[in-house]
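Chemist: Handing you this structure, nothing more for now.
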Amino acid sequence: RGIIIEDTADDGSGMKSSYAPFWQLRSTYWWRSTFPANKDVHVSHRYKPSVGGTSSVSFFYDGQFQGQYAAYKTRYCMDDTFENAVRKAAKANPDGYPKYYESRIAYILTTGGNWAAGTIGKFKLTVDKGNPKALVSFCGDNVKKVGPTTFEMTANDFYPEHDIDILLLEPSDSNGGDAN
């Protein structure tokens with residue numbers, strides 16, 4: 001057992017081996033802040049997170065959803081539109097596999113219960129999938145597509161009960177995928 005593992009997949013020209021990290025990086029950032037007493041405070045933060053991923057779609061093969069599909073469906077709230085786009089991509093490829101690779105993002109909202117004293121007054125989450133041909137899925141209430149690659153979720157008096165996990169399926173070639 002080491003710090004890398006062999007990842008074998010068919011790239012369309014036969015089985016190929018590549019190596020993937022067998023470790024995780026976890027980073028924690030913190031800072032002290034002083035807020036004025038008895039006044040409304042607006043807090044905003046932005047960052048471009050690092051992602052985990054695979055070289056192909058790990059939950060769809062041999063023409064059907066399988067493997068980790070049930071866990072993915074729950075974790076990323078994959079809906080019919082998302083699943084139909086995966087099926088369509090698989091049918092369009094002669095080998096029957098969707099030509100996408102996975103990128104996964106975990107966004108910590110619960111922050112160790114720091115919202116225990118109240119709610120987030122005006123919450124807004126923006127997810128930009130970058131490529132219009134990429135597919136994206138994540139759990140959220142009242143998510144709206146606001147641009148060709150952009151999705152938003154807004155809420156008033158939001159209390160995060162769980163973190164947000166985002167699944168991006170990005171085309172593995174210049175012709176892959178349907179916009180979702």
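Chemist: Sort out which residues of the stretch 61-89 are touching a strand residue (DSSP E or B) at 6+ places or on another chain (Cβ under 9 Å) and among the hydrophobic types (A, V, I, L, M, F, W, C), and write them in order of number.
Modeler: Once the filter is applied, which keeps residues that are touching a strand residue (DSSP E or B) at 6+ places or on another chain (Cβ under 9 Å) and among the hydrophobic types (A, V, I, L, M, F, W, C), the stretch 61-89 yields Cys77, Met78, Phe82, Ala85, Val86, Ala89.
Chemist: Among (1) part of a loop (DSSP other than H, G, I, E, B); (2) modelled with pLDDT of 75 or more; (3) under 18 Å from the mean Cα position of the chain (by Cα), there is one condition Trp31 misses while meeting the rest; what is its number?
Modeler: Evaluating Trp31 over (1) part of a loop (DSSP other than H, G, I, E, B); (2) modelled with pLDDT of 75 or more; (3) under 18 Å from the mean Cα position of the chain (by Cα) leaves (3) as the failure.
Chemist: Now a separate question. Anything in the stretch 34-47 that is among the charged types (D, E, K, R) and modelled with pLDDT of 85 or more? List them, or say none.
Modeler: If the condition is that a residue be among the charged types (D, E, K, R) and modelled with pLDDT of 85 or more, then Lys39, Asp40 are the ones that fit.
The values are calculated or read from the model by the stated rules, or taken from the named source; none is laboratory data. The shown structure was predicted, so the numbers you read here are calculated from the model rather than taken from an experiment. Every residue, glycine as well, gets a Cβ built from its backbone with ideal geometry; the counts of neighbours run over all protein chains shown.
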